[in-house]
Amino acid sequence: MRNLPVKTKILIATALVAVGVAGRLLPHAWNFAPIAAIGLFAGARLGVAFGFLLPVAAMAISDASIGFYDWHINATVYAAMALSGAIGLFLRNKRNPIAIAAGSAAASTLFFLITNAAVWFFGTMYPPTFSGLMMSLVAGLPFFRNAALGDLWYSAAFFGAWELAILAYDNRARIKQSTLLALAKIR
């Protein structure tokens, strides 16, 4: 199932973007969204281009409804989300839940640090000092918890669904093979 046909990858990518858009537009806890998990999963299972593009596409489509903000901060948010796809590349050959959870935690942490630093650097809410940066990070902590939990939950859902699909595919192939062998014995 690793070398998926392009059509299958596009179908999965479309479904992931739809889940990402819905996850941001439908009512949800603050920052409990599937976007980073989409990048992580797509980078790990669909390839580098999908890992970078899918979270950005889901963000752009949903932001068209929610609204955009300062372009410096917005660009930083999109870049930080795309990084989850890069982290996913390290999970390409991993099926270990601990490795996936660590990848999810890394994506959440990098997103938190990068975006809060961008709010401090480009915004006007915090003084341009080290203490201002610390104030920005502390102010973002309540949102970080939900983001980390959402990333972990959605990562478990995406990677878990993938493993179930592989299991179903393998079982189907075994059943088909055993049926063919049984029919061959009858003749």
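Here are the numbers for this structure:
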{"read-out": "Tilt relative to the chain, helix 130-186 - C-alpha long axis, 0 to 90 degrees, to 10", "value": "10 degrees"}
{"read-out": "Theoretical FRET efficiency, 1/(1+(r/R0)^6), r = Cβ-Cβ of ILE186 and ILE166, R0 35 Å, to 0.05", "value": "0.70"}
{"read-out": "3J(HN,Hα) from dihedral phi, the stretch 36-46, Karplus parametrisation 6.51/-1.76/1.60, rounded to Hz, x for glycine, proline", "value": "5, 5, 5, x, 4, 5, 5, x, 7, 10, 10"}
{"read-out": "Å² of accessible area per residue within the chain, as computed with a 1.4 Å probe and no ligands counted", "value": "59 Å²"}
{"read-out": "Tilt relative to the chain, helix 48-66 - C-alpha long axis, 0 to 90 degrees, to 10", "value": "60 degrees"}
{"read-out": "LEU25-ALA64 pseudo-label distance in nm [points 7 Å out on the Cα-to-Cβ vector]", "value": "0.9 nm"}
{"read-out": "Packing rank of 47-58, 23-34, 65-76, 104-115, where each peptide gets the mean count of other beta carbons within 10 Å, highest leading", "value": "47-58, 104-115, 23-34, 65-76"}
{"read-out": "Label-point separation in nm, PHE121 to ASN146, each point 7 Å along Cα→Cβ", "value": "2.6 nm"}
{"read-out": "Given charges at beta-carbon only (K, R positive; D, E negative), |dipole| of the chain in Debye", "value": "1220 debye"}
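The values are calculated or read from the model by the stated rules, or taken from the named source; none is laboratory data. What you see is a predicted model; the values in this text were computed from it and never measured. Cβ: placed from backbone, ideal geometry, glycine included. Neighbour counts: every protein chain shown. The area values use the complete protein model at the heavy-atom level, side chains included, leaving out ligands, DNA and RNA. Shrake-Rupley method; radii C 1.70, N 1.55, O 1.52, S 1.80 Å.
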